[in-house]
Amino acid sequence: MTNGKAKGNNFERECSRMLSLWWTSGRRDDAIWRSASSGALTTVGKGRYLAHTGDFAATDGEAALLFEHVIIEAKRGYSRYSMQDLLDVPEGSLVKNPVCEMVTKLNLSCEIQHKWGLLLWKRDRRNLLVFTLAPRSDLQSFVPPERNPWMTVWLPTGNFLYGMPWDQFAAIVSGARIASLLTQPVASSESKPVTPS
């Protein structure tokens, strides 16, 4: 019988290959791998540290651009919970809710590091979902409005979380498209999510 930790490690390895193939348009399955120490500080020189967050990292320069701009987390299980918890769990209980905890933690890391966030979540016997914390204007740049299937959830932090099945996301948003978007000049330093119309 596979324990929870082993199941999580296997899931992260599967996601590493999946993300690598997505980012490199099917050329490589090893451009992205599990990070060595999620949430740790990596020494880059005397008295200098690089904050590392997220469950994945680039193995070489090919995927470095992605992680300069995006924090990616992966969660397996939590089958008793769903994103609906963010909508209907009473406020007094929400702070201890695992869904609220994982989203709030990712949101905080994104705000501190000025990055987008991606959360991969697969509950038992369910399809893989992807949720993103990114300005709505950026999402519209790589998902055409007529093909915009994002599920939108308002967060207690005041931001918005957007999600869809991973297979659908990968079919309409290529790694190459994301790379193109990330290399475009930033029009404003105050790009924030706005309330969807």
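The values are calculated or read from the model by the stated rules, or taken from the named source; none is laboratory data. Note that the structure is predicted; figures quoted are calculated from it, not measured. Positions of Cβ are backbone-derived with ideal geometry, glycine not excepted, and every protein chain shown enters the neighbour counts.
Within the range 172-197, residues that are under 17 Å from residue 117 (Cα atoms) sit with their Cβ atoms under 9 Å from residues that are modelled with pLDDT of 85 or more and charged (D, E, K, R), at 6+ positions apart or across chains, in these pairs: 182/68.
Where helices (runs of 4 or more DSSP H) fall wholly inside the range 60-101, the ranges with 2 or more residues that are within 16 Å of the chain's Cα centre (by Cα) and of a type in the set (A, V, I, L, M, F, W, C) are 64-69. For the range 87-99, the set of residues classified as touching a residue at least 40 places away in the same chain (Cβ under 8 Å) and in contact with a helix residue (DSSP H, G or I) (Cβ under 6 Å, 6 or more places away or on another chain) consists of 94 only.
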